[in-house]
Amino acid sequence: MTTNQRLALTNGRIILPDRIVDGQALLIEAGRVVDRVEPDALGAEVETFDVGGQYIAPGLIDIHIHGAMGHIFNESTAEAFTAITQEVARHGITSLLATTMTAPIDNLVECLAFSREWLAQPRGGAQVLGVHVEGPYFSLAQSGAQDPANIRNPDDGTVEALLAYHDVIKIFTYAPELPGALDLTRRLKALGILAAAGHSSAKDSDVQAAMDAGLSHIIHIWSAQSSTIKEGPWRKPGLLEATLTFDGLTVEMITDNKHLPPTLMKLAYKCLGPDRLCAISDATSGAGLPEGSRFRMGEMEYDVHDGVGMMLDRSSFAGSTTLLSRMVPILIDVVGIPVVEAIRMVSLTPARIIGVADRKGSLEPGRDADLVLFDAHFTPQATMIGGEWV
């Protein structure tokens, strides 16, 4: 079909933000959702496509993904961006944030500059909505799989080189307890960039101070987060407890059933709910590679072990090797989240977090015709981006 033709998807179960609709057709024209209509009301000029009883869900949005198929976004090449965006589109991810790894500042600047070029014209595959800068301003104690050789403080004079590309940065993640972090928070808020905490040894008082300055998002709960410590007889809550408790924060969770056991995923859902908690893949270049494969991100080498990215010394996970679509059945079957809410956590909730819910994240009229067809087991069968099957 061309983007100007009218297309009706029939015989499907349409997943809306608050319910599942049966017995209606989803009408698409010029790359957007037009309406839901009764099949009998479709005119002869409308092309129809029978989806065979499958779920019609909004396209998945991954706001924290580093790469796939042996490539990461830090490579800053058309080959890498194409390989990643085409691979994830095959799995129902229709848009994403190109997420960087901790690296030398000149590498990060190069990635931001290339991302600006990439965003300047239409591309195939999943749509890159901007960049998620993860690092390099992190706590060494919570570095996880981030390269410790390139971790630094935000008061060292390098921030402005990155913020020169504020027009493409959607999320900027850092440790809020570091020297210069509060000034960075205020700068990000003034530029309209989502200020996020992660890879941090913060206490709850550090988090509150950063929230007062504009912090509003937390990356991958439990992963690289400080927790309660004792100072003499006193217990001091950390970033984890603040994440679960403080209102006004949106939160990411890696739901590959490897990073977190079911009990912790259930706890996060109970504390935060589907409108503040979103699922993210944190997928690395190991995503899509077979068990035992080695992969590199910058100067660091990892492998795919037991279905997840691992440091070679097994001291830490190294991101996931599971794409977002494979996390949907885990949300539903393992965590026990209702279908409508689980889909919201991978579509509308991340869209709201990064400020694109007016055009992405749901199948309401006027939104972009980004969607995925799921079978009964929530395995993706087909992907549409902007009204075109990909």
Would you check which residues across the range 92-114 are surrounded by fewer than 24 Cβ atoms within 10 Å (Cβ to Cβ) and either of a type in the set (G, A, S) or in a loop (DSSP other than H, G, I, E, B) (or both) and list them? A103, P104, A113
Do we have any residue at all in the range 93-102 that's over 23 Å from G198 (Cα atoms) and in contact (Cβ under 8 Å) with a residue 60 or more places away in the chain? yes
Contact list please: Cβ distance under 6 Å, first residue in the range 369-390 and of a type in the set (S, T, Y), second residue crowded, with 22+ Cβ neighbours inside 10 Å, pairs at least six apart or on different chains. T383/A89; T383/G92; T383/V372
Under the condition of being within 22 Å of the chain's Cα centre (by Cα) and assigned to a strand (DSSP E or B), which residue from the range 191-229 is farthest from H132 (Cα to Cα)? Q225
Report, by residue number, each residue of the range 57-74 that is crowded, with 21+ Cβ neighbours inside 10 Å and either more than 15 Å from the chain's Cα centre (by Cα) or assigned to a helix (DSSP H, G or I) (or both). A57, H71, F73, N74
State all residues of the range 53-101 that are among the aromatic types (F, W, Y) and over 20 Å from R13 (Cβ atoms); if no residue qualifies, say none. F73, F81
Taking the range 42-55 and keeping residues aliphatic (A, V, I, L, M) and touching a Leu at 6+ places or on another chain (Cβ under 6 Å) leaves V51
Restrict the check to the range 20-36 and report whether at least one residue is assigned to a loop (DSSP other than H, G, I, E, B), aliphatic (A, V, I, L, M) and either outside the structural domain of M101 (by TED's automatic domain parsing) or under 20 Å from the mean Cα position of the chain (by Cα) (or both). yes
Tell me which of these L260 doesn't satisfy, since it passes every other one: (1) closer than 18 Å to T321 by Cα; (2) touching a residue at least 60 places away in the same chain (Cβ under 8 Å); (3) in a loop (DSSP other than H, G, I, E, B). (2)
Candidates G53, G130, G125 - the one that is at positive phi and outside any loop (DSSP other than H, G, I, E, B): G130
Does T77 fit the bill of being out of contact with any Gly (no Cβ under 8 Å at 6 or more places or on another chain), of a type in the set (V, I, T), surrounded by fewer than 17 Cβ atoms within 10 Å (Cβ to Cβ) and more than 22 Å from G135 (Cβ to Cβ)? no
Determine whether I337 is touching a residue at least 60 places away in the same chain (Cβ under 8 Å) and of a type outside the set (D, E). yes
When the range 321-349 is checked residue by residue, the ones that are in contact with a Gly (Cβ under 6 Å, 6 or more places away or on another chain) and either over 12 Å from P17 (Cβ atoms) or modelled with pLDDT under 95 (or both) are T321, S325
Among the residues of the range 1-19, the number that are in a loop (DSSP other than H, G, I, E, B) and crowded, with 19+ Cβ neighbours inside 10 Å is 2
When you look at P148, is it in the same structural domain as M300 (by TED's automatic domain parsing) and out of contact with any strand residue (DSSP E or B) (no Cβ under 8 Å at 6 or more places or on another chain), yes or no? yes
Selection count where residues are of a type in the set (G, A, S), surrounded by fewer than 22 Cβ atoms within 10 Å (Cβ to Cβ) and either modelled with pLDDT under 95 or not assigned by TED's automatic domain parsing to the domain that holds N107 (or both), scope the range 118-139: 1
All but one of (1) surrounded by 20 or more Cβ atoms within 10 Å (Cβ to Cβ); (2) in contact with a strand residue (DSSP E or B) (Cβ under 8 Å, 6 or more places away or on another chain) hold for V159; state the number of the condition that does not hold. (2)
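The values are calculated or read from the model by the stated rules, or taken from the named source; none is laboratory data. The structure displayed is predicted, hence computed values, not measured ones. All Cβ positions, even for glycine, are placed from backbone atoms using ideal geometry, and neighbour counts span all protein chains on display.
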